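Please read the structure below before turning to the comments.
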Amino acid sequence: MSEKQRALEVLAAAQWKLALRLTAAMMAVYFGFILLVAWAKPLLGRQLVPGLSLGILLGALVIVTAWILIWIYVRWANSHYDATVTRIRETGR
Amino acid sequence: MSSSLGSPNVAAIFFFFLFVSATLAITYWAARRTRSLEHFYAAGRSVTGLQNGLALAGDYMSAASFLGIAGLVALSGFDGLIYSIGFLVGWPVVMFLIAEPLRNLGRYTFSDVVAYRLRQTPVRIAAAIGTLAVVTFYLIAQMVGAGNLIKLLFGIPYEWAIVIVGAVMMAYVLFGGMLATTWVQIVKAVLLLGGAFMLAMMVLLRLSMNPLALFATASERFGAQVLAPGQLVADPLDALSLGIALMLGTAGLPHILMRFYTVPDAKTARSSVSYATAFIGFFYLLTFILGFGAMVIVGPDAIKAVDKGGNMAAPLLAEAVGGEGFLGFIAAVAFATILAVVAGLTLSGAAALSHDLWVNVVRAGKAPEHEQFVVARVAAVVGGLVSVALGIVFKGQNVAYMVGLAFAIAASANFPALVLSVFWRPFTTRGAQASMLVGTFSALVLIFLSPTIQISVLGHATAPFPLRNPGLVTIPLSFLVGMVVSLLTKESDAAARFDVMQHRLHLGPEADQV
């Protein structure tokens with residue numbers, strides 16, 4: 001196995017690990033929300049201040065979570081991943 | 001409250017003609033640039049991240065999201081928001097697992113990626129079946145919705161509405177290809193985001209710019225239960241099943257996946273998903289305000305009086321806060337939305353027919369460019385005519401479940417094969433074939449046996465399969481079948497080419513020769 005091949009495998013493993021973790025995080029947050037919707041209806045109906053029920057707050061937070069997870073991935077990809085790809089392309093390892 | 005909905009509205013007709021003339025001018029401009037197949041399918045790979053982000057948003061935010069979700073929230077409150085959220089959470093999955101590999105490994109369709117290290121013919125056929133199934137159900141939902149909406153908004157007959165949508169959309173796809181379709185999506189996305197934002201602001205102006213005051217008014221007037229989960233999600237398994245189909249289906253929609261070929265490189269594919277998720281999330285947050293705004297300002301009874309399903313909540317709200325002129329603008333935006341989504345779907349269906357089936361199966365990948373170009377255009381005409389025919393055949397049918405079905409097939413047929421082919425070395429041709437076919441047909445059969453068809457459509461008392469959406473069963477099944485069959489049918493070529501694929505996946509197509 002060449003050095004280039006080995007460097008690529010390290011990069012691929014790192015990318016896969018992060019992608020899998022972030023996907024799992026999104027699923028956990030979203031399915032957690034859905035399960036609350038199904039099983040904790042009175043809890044989600046509780047209004048924290050007039051007009052803001054816990055359900056509406058958590059729903060909006062699921063959307064915000066999607067943004068944050070994407071931001072984490074893009075920050076990693078734009079710095080670490082892109083730099084590694086450039087290095088492998090140029091130096092072959 | 002009286003409404004001018006359904007009678008010819010001067011402003012609506014003016015804005016509609018403005019949109020159609022502008023997009024046809026774009027098509028004329030794009031047609032002069034569409035000289036090669038790469039232009040026709042992939043807009044010459046010249047689209048920027050921001051442009052593609054808007055176009056992805058345009059492809060994704062259908063009239064169903066705009067009118068349907070606003071209506072659901074207006075009539076049932078919080079329950080409608082569950083859809084808003086479900087339609088967004090697939091985008092991170094697209095980002096983490098799909099966008100960059102797709103751009104680096106494929107040319108025109110997602111089958112390029114699945115077939116990359118496998119045998120072409122069997123994989124292409126199975127992938128085309130999955131693609132065409134998704135596109136067909138999505139098209140039926142859009143076309144029937146289009147006919148009904150345009151009839152309600154403009155007062156023109158259903159069949160005429162379908163034919164107008166079909167003709168204009170075919171002009172975009174046939175002459176302007178992906179370049180025109182992309183720009184139609186961009187114009188539509190800007191109009192839809194701008195229109196929804198203006199509408200939300202006009203609602204909030206009446207409530208001292210405070211969304212919580214709006215929700216509180218809804219709760220005072222219609223009871224606190226409008227801010228809490230209600231009957232829509234009665235069964236947790238049902239909710240999970242719909243949720244997983246919405247989440248993973250986004251990453252398997254052929255017309256969305258095709259968009260990643262229009263950008264120059266993987267980094268731009270990445271930035272386009274960021275933009276798309278920002279725009280789509282912002283739009284779905286606006287639906288919170290539009291829905292409750294319609295509930296408070298128009299009122300559920302007035303909305304139901306116009307359309308039982310609540311689809312006219314947003315246009316009625318526009319009329320209530322901005323008069324007939326604003327109603328016309330929002331109606332034209334809804335029309336534009338339908339046109340653009342249908343164009344994107346037709347182009348991806350045409351690509352499956354011509355690029356996957358004709359070029360790679362019938363001609364074994366050896367068709368000359370000019371022949372491919374002709375076949376692609378013929379396929380676009382076929383796709384356009386089929387969608388008009390489907391719209392007319394399904395007139396009056398309850399097709400609301402078909403978008404859910406399209407997502408379930410996309411999540412079961414396309415997503416597992418795509419992920420396994422990119423990330424799992426032992427994947428084989430037979431495994432891919434089995435995963436895609438089992439995914440497609442198990443989703444189709446279980447939908448047929450579900451309460452959605454058996455009870456709501458056929459009127460039977462019970463249904464053999466309990467879930468309304470089959471995703472919870474069919475997505476794991478498709479993964480499992482793909483993996484088991486792969487392990488039973490070793491394919492040394494496919495495993496060996498995994499390293500070549502990894503190389504290209506990370507270093508990009510230009511690194512191939514090195």
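The values are calculated or read from the model by the stated rules, or taken from the named source; none is laboratory data. It should be emphasised that the depicted structure is a prediction, and the values quoted were computed from it without experimental measurement. No Cβ is skipped: glycine too gets one built from the backbone with ideal geometry, and neighbour counts run over all protein chains shown.
For this structure, a couple of remarks:
- Failed item in (1) surrounded by 15 or more Cβ atoms within 10 Å (Cβ to Cβ); (2) in a helix (DSSP H, G or I); (3) at pLDDT below 90; (4) hydrophobic (A, V, I, L, M, F, W, C), with B:V374 passing the rest: (1)
- Output for the stretch B:482-497, where each listed residue is hydroxyl-bearing (S, T, Y) and part of a helix (DSSP H, G or I): B:S486, B:S492
- Test for B:D238: is it more than 8 Å from every other protein chain (Cβ to nearest Cβ), among the acidic types (D, E) and touching a Gly at 6+ places or on another chain (Cβ under 8 Å): no
- Residue ID - nearest to A:E9 (Cα to Cα), chosen from residues in the stretch B:426-455 that are outside any helix (DSSP H, G or I) and touching an Asp or Glu at 6+ places or on another chain (Cβ under 9 Å): B:P426
- Residue that is farthest from B:T217 (Cα to Cα), among those in the stretch A:28-37 that are surrounded by fewer than 19 Cβ atoms within 10 Å (Cβ to Cβ) and facing chain B (nearest Cβ under 7 Å): A:F31
- Unique residue being touching a helix residue (DSSP H, G or I) at 6+ places or on another chain (Cβ under 6 Å), within 14 Å of chain A (Cβ to nearest Cβ) and among the hydrophobic types (A, V, I, L, M, F, W, C) when the list is B:A276, B:A331: B:A276
- As a summary of the residue check, B:D59 satisfies the conditions (1) of a type in the set (D, E); (2) surrounded by fewer than 24 Cβ atoms within 10 Å (Cβ to Cβ); (3) closer than 23 Å to B:A376 by Cβ except for the one numbered (2).
- Lone qualifier among B:G58, B:G130, B:G68, B:G77 - being within 14 Å of chain A (Cβ to nearest Cβ) and either under 24 Å from B:H503 (Cα atoms) or in contact (Cβ under 8 Å) with a residue 60 or more places away in the chain (or both): B:G77
- Residue match in the stretch A:43-58 (condition: more than 7 Å from chain B (Cβ to nearest Cβ) and not in a helix (DSSP H, G or I)): yes
- Selection over the stretch B:330-372 of residues that are more than 20 Å from B:P254 (Cα to Cα) and not charged (D, E, K, R) gives a count of 13.
To keep it simple, each residue is scored yes or no on (1) more than 21 Å from B:Y275 (Cα to Cα); (2) in contact with a Cys (Cβ under 6 Å, 6 or more places away or on another chain); (3) not polar (S, T, N, Q).
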residue: A:T23; (1), (2), (3): no, no, no
residue: A:F33; (1), (2), (3): yes, no, yes
residue: A:L36; (1), (2), (3): yes, no, yes
residue: A:G45; (1), (2), (3): yes, no, yes
residue: A:L48; (1), (2), (3): yes, no, yes
residue: A:G59; (1), (2), (3): no, no, yes
residue: A:V62; (1), (2), (3): no, no, yes
